[in-house]
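What follows is one structure encoded as structure tokens, with my remarks underneath.
The values are calculated or read from the model by the stated rules, or taken from the named source; none is laboratory data. Quantities reported herein were computed from a predicted structural model and do not represent experimental measurements. Glycine also receives a Cβ, built like all others from the backbone with ideal geometry; neighbour counts cover every protein chain displayed.
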Amino acid sequence: MFGFESSQLFLILLFMLSDLKNQLMTAIENSLRQLPLNSFPMPAITLEIPENKMHGEFACNVALRLAGPLKQNPMEVGKKIQQNLQKEISAGSLQQKIQLVDLKPPGFINFFLSAAALGETVTQIRREAERYGRQRFGNAKKIQIEFVSANPTGPLSVAHARQAAVGDALANILDWLGFRVTKEFYVNDEGNQINILGRSIRDRAREIVGESFSFPEDNYQGEYIKDMAGDFLARHEVRDRAGLDRIAPEFFFQYGCEELLNVIKQELENFGVHFDVWSFQSKIATADHIEKVLGDLRQKGSLYDQDGALWFRSTQFGDDKDRVVKKSDGTYTYLAPDIVYHQNKFERGFEQVINLWGPDHHGYIPRLKAAVQALGYHSKNLVVLIVQLATIFRDGKPLSMSTRRGQYISLREVMEEVGVDAARFFFLMRHLKAPLEFDLELAKKQTPENPVYYVQYAHARINSVLQLAASQGLQPSREDLQHLSQPEELNLTRELAQFPEILLTCGHQLDPYSLVDYLERLATGFHKFYDTHRVVSEDRTLSSERLALIDATRIVLANGLKILGVSAPVRM
């Protein structure tokens, strides 16, 4: 079973994906075999991408790892490995692909690719086009990712919006990595919050028909409750208190739940988030299903009775204390239906289950992981990601939000003010574990200050250049690129080559942020190249190769934006 927490497995598979890296790894191993390792085992070899481009395309720390066992200075070990590597490279197919093997203190061996090797990246991108970046890493394993899952008690807030953007982008990334992904929304259509919703609508209806009373503070206070109460009365042709009294209370929460669920579905649809499955607590976690699962856990010795309540021995699985699943009055705690729902997930054949939750649920993780283990599954098969809150800023000031009082910025309002593209991009502009500050004014700017505009403008600019070139009879080169040697050209090509590994990084971290950061870097690399060099010039051969380079950039920008759920405009 693949585990996202297994960094060793990740690195092994990561380096299996690149033929060039395979060749480099083999060359390094052959170089090490020429050292007097004696009884020391062959060390693990890893290639990393340096953050500083001055350190080449790849860096290896194997000299540092061998310095201790060999009792030598890392630079001395590195020099011997470097000399052996240069012989290996000169004698094989890497000769045309590696321009330089450099040694830097305290013992890093850095590899610089040749212009020809970098040019092959451009050719590959243009050949694979919209498939560039897609991989078989996931081996078609089934993953379920459940996110948003908001109680249908009101329109979606910005907290839900951030979860929607993160969950949808993450699902797309996992799909590109070769997993079979199912996106699921779990509707909590039972419980106290739904009862309060129904009561709130009924109480507003009482006000509308003329009854004078104090609207309870713990009711939902938003204007949408008043609107729903009015709609309910109109649908049922209720005009007075007598008519209202004839309607059973459950009709109010049924109506409210259905109406708000339709609102939520429409808002998500407008946001570009489409779920494969909509599951309902009322259908999955029925009393019969709960009792069946609790009976199974009791037979395993995972439940016990105390003080009239039924307890789950969660401390046996790492929780800090045991948890009540059934109260002394016979009602279930939140944990009981959640146990049933997660058993349902695994029974559907998912090999990895991912939940996206808000920060107020952090303390709930240990008990649910304990429940998964009690059901007979490995705790690593359940991954819970905490998506931190987003704060909306206007004119430099944060806007206060309170869901119960109805004083919050909704997803709909954000979409209407800044557009879907900016909203999705901005909600992804920080690691999901970090709080997010969403600047409404910045998101609306059509200037390079606005990150999404900056990235989209790069894509549109490239399309404009390609159209201009085509009008002059120029097309991107289909031959090997031999004339791209300027620093801006090579740096842009290096950025393009990193796209598949950026997706792997996002998959390993289960966080789309690295892709957002990458697209901004790629756009910067393109703008620097474009502002420094003429793409279409009198030198038709050079122009054709530069057109191929920017066409590859267009493809990667489009693929990355598509994964994030953001459009790639051809003109702006």
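Step by step: first the residues of region 505-540, then only those that are within 30 Å of the chain's Cα centre (by Cα) and hydroxyl-bearing (S, T, Y), then the one that is nearest to L428 (Cα to Cα). Which residue is that? Don't jump to the end; show me each part of the working.
Taking region 505-540 as the starting set, the residues that turn out to be within 30 Å of the chain's Cα centre (by Cα) are 505-529.
So of that shortlist, the ones also hydroxyl-bearing (S, T, Y) come out as 505, 513-514, 518, 524.
Values: T505: 15, Y513: 6, S514: 9, Y518: 12, T524: 18 Å.
Ranking the candidates gives Y513 first.
Please note which helices (runs of 4 or more DSSP H) are completely contained in region 152-265 and include at least 1 residues that are over 30 Å from Q352 (Cα atoms).
Numbers: elements: 158-176, 192-208, 223-235, 241-245.
Ranges flagged: 192-208, 223-235, 241-245.
Considering only residues of region 124-159 that are of a type in the set (S, T, N, Q) and over 16 Å from E495 (Cβ atoms), which is surrounded by the fewest Cβ atoms within 10 Å (Cβ to Cβ)?
If we filter region 124-159 for residues that are of a type in the set (S, T, N, Q), which is where we start, we get 124, 135, 139, 144, 149, 151, 153, 157.
Adding the requirement that they be over 16 Å from E495 (Cβ atoms) leaves 135, 139, 144, 149, 151, 153, 157.
Numbers: Q135: 17, N139: 11, Q144: 22, S149: 19, N151: 19, T153: 23, S157: 23.
Across region 124-159, the extreme among qualifying residues is N139.
Can you confirm whether region 160-174 contains a residue that is over 14 Å from the mean Cα position of the chain (by Cα) and touching a residue at least 40 places away in the same chain (Cβ under 8 Å)? Even if it seems obvious, please write down each step before you answer.
Of region 160-174, the ones over 14 Å from the mean Cα position of the chain (by Cα) are 160.
This time we only want the ones that are touching a residue at least 40 places away in the same chain (Cβ under 8 Å), so: 160.
There is at least one residue in region 160-174 that is over 14 Å from the mean Cα position of the chain (by Cα) and touching a residue at least 40 places away in the same chain (Cβ under 8 Å).
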ask   = Is there a residue in region 465-479 that is within 25 Å of the chain's Cα centre (by Cα), in a helix (DSSP H, G or I), among the hydrophobic types (A, V, I, L, M, F, W, C) and buried (at least 19 other Cβ atoms within 10 Å of the Cβ)?
value = no
ask   = Restricting attention to region 525-534, and to residues there that are touching a residue at least 12 places away in the same chain (Cβ under 8 Å) and either of a type in the set (A, V, I, L, M, F, W, C) or part of a helix (DSSP H, G or I) (or both), which single residue is surrounded by the fewest Cβ atoms within 10 Å (Cβ to Cβ)?
value = T532
task = Determine which member of the set A129, A115, A150 is closer than 30 Å to F393 by Cβ, small (G, A, S) and out of contact with any strand residue (DSSP E or B) (no Cβ under 6 Å at 6 or more places or on another chain).
result = A150
note = Only unsatisfied item for Y377, checking (1) surrounded by 16 or more Cβ atoms within 10 Å (Cβ to Cβ); (2) modelled with pLDDT under 95, is (2)
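Being under 21 Å from K21 (Cβ atoms) and either in contact with a Leu (Cβ under 7 Å, 6 or more places away or on another chain) or surrounded by 23 or more Cβ atoms within 10 Å (Cβ to Cβ) (or both) is the filter here; which residues of region 502-518 pass it? First the steps, then the outcome.
Within region 502-518, the subset under 21 Å from K21 (Cβ atoms) is 502-509, 514-515, 518.
Passing the criteria: I502, L503, L504, C506, G507, L515.
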query = Is it fair to say G560 is modelled with pLDDT of 95 or more, under 30 Å from I143 (Cα atoms) and either touching a Leu at 6+ places or on another chain (Cβ under 7 Å) or not in a helix (DSSP H, G or I) (or both)?
reply = yes
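Determine whether region 352-367 contains at least one residue that is surrounded by 20 or more Cβ atoms within 10 Å (Cβ to Cβ) and among the small types (G, A, S).
Within region 352-367 (the criterion being surrounded by 20 or more Cβ atoms within 10 Å (Cβ to Cβ) and among the small types (G, A, S)), the answer is no, since none of the residues qualifies.
Of the residues Q482, Q456, which single one is surrounded by 13 or more Cβ atoms within 10 Å (Cβ to Cβ), part of a loop (DSSP other than H, G, I, E, B) and in the same structural domain as R546 (by TED's automatic domain parsing)? Give the steps one after another, and end with the answer.
Working: Q456 fails: part of a loop (DSSP other than H, G, I, E, B).
Just one listed residue meets the conditions, Q482.
Of E250, E269, E259, which residue is of a type outside the set (K, R) and modelled with pLDDT under 95? Talk me through it step by step, then tell me what you get.
Details: E269 fails: modelled with pLDDT under 95; E259 fails: modelled with pLDDT under 95.
Every option except E250 fails the conditions.
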message = Quick check on region 279-288. Is at least one of its residues farther than 12 Å from N188 by Cα and in a helix (DSSP H, G or I)?
response = yes
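Wholly within region 1-90, which helices (runs of 4 or more DSSP H) include no fewer than the required count, namely at least 2 residues that are surrounded by 17 or more Cβ atoms within 10 Å (Cβ to Cβ), touching an Asp or Glu at 6+ places or on another chain (Cβ under 8 Å) and modelled with pLDDT of 85 or more?
On the way: elements: 7-16, 19-33, 62-70, 74-90.
Per the criteria, 19-33.
With respect to R430, is the statement that it is in the same structural domain as E413 (by TED's automatic domain parsing) and part of a loop (DSSP other than H, G, I, E, B) true?
Values: in the same structural domain as E413 (by TED's automatic domain parsing): yes; part of a loop (DSSP other than H, G, I, E, B): yes.
Considered against the rule, which asks whether it is in the same structural domain as E413 (by TED's automatic domain parsing) and part of a loop (DSSP other than H, G, I, E, B), R430 comes out as yes.
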request  = With the condition kept exactly as written, say whether any residue in region 339-346 is surrounded by fewer than 20 Cβ atoms within 10 Å (Cβ to Cβ) and charged (D, E, K, R).
outcome  = no
task = Count, please, the residues in region 237-250 that happen to be surrounded by fewer than 16 Cβ atoms within 10 Å (Cβ to Cβ) and touching a Lys or Arg at 6+ places or on another chain (Cβ under 9 Å).
result = 2
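Whether any residue in region 298-321 is in a loop (DSSP other than H, G, I, E, B), among the aromatic types (F, W, Y) and surrounded by 15 or more Cβ atoms within 10 Å (Cβ to Cβ) is what I want to check. Show your work before the answer.
Restricting attention to region 298-321, the residues satisfying the condition of being in a loop (DSSP other than H, G, I, E, B) are 300-302, 307-308, 313, 318-321.
Filter again for among the aromatic types (F, W, Y), leaving none.
So far as region 298-321 goes, no, none of its residues is in a loop (DSSP other than H, G, I, E, B), among the aromatic types (F, W, Y) and surrounded by 15 or more Cβ atoms within 10 Å (Cβ to Cβ).
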query = Residue check: is A229 surrounded by fewer than 17 Cβ atoms within 10 Å (Cβ to Cβ) and among the aliphatic types (A, V, I, L, M)?
reply = no
task = Scan the strands (runs of 3 or more DSSP E) fully inside region 322-395 and keep the ones with 1 or more residues being farther than 30 Å from I409 by Cα and free of Cβ contacts under 8 Å to residues at least 40 places away in the same chain.
result = 323-326
